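Have a look at the structure below, then the notes.
Since every read-out is calculated from the coordinates, none of them should be taken as a lab result. All values derive from a computational prediction rather than experimental measurement. Glycine gets a Cβ as well: all are built from the backbone with ideal geometry, and neighbour counts include every protein chain shown.
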Amino acid sequence: MSENRHDNPPGQNPHSAPSDVPPPSPQRLRRVGILVAVVAVIVAVALGTGVVELISLAPGRLSLPPAVLLGVILDVAVIAILAMFGRRRQKAARAKATGGS
């Protein structure tokens, strides 16, 4: 049985990664990205809860748990609406770029 079972050129480490694979990102950068995502979710929930609390001041203030739940529902609805309109605009832009009507 030969040493080069996987057709590696002589002198190349058989356990090295292929050259077309990008190097892994540093752990610090990965942690910063996760932290930014978590902070963005917290800020979105806080904004949604604030809007719900402001709306509920007139009829009688909501307690915090229902306000947070309604704030999350409001956030999901806003993101869904933005995604829907964004896809429509993207579809229209592609049609315009290809010369369609």
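Can you give me the pair-distance distribution of the range 40-98, C-alpha pairs, 10 Å bins, whole percents?
23, 35, 20, 14, 7, 1
Please report the net charge: other residues with Cβ closer than 10 Å to the Cβ of residue 67, K and R +1, D and E -1.
0
Within a Cβ distance under 15 Å of residue 24, other residues only, what is the Lys/Arg minus Asp/Glu net charge?
+2
Please give the net charge around residue 45, taking every other residue with its beta carbon less than 13 angstrom from that of residue 45, where Lys and Arg add +1 and Asp and Glu add -1. List each step's numbers first, then the result.
Details: positive: none; negative: 53, 75.
Once positives and negatives cancel, what remains is -2.
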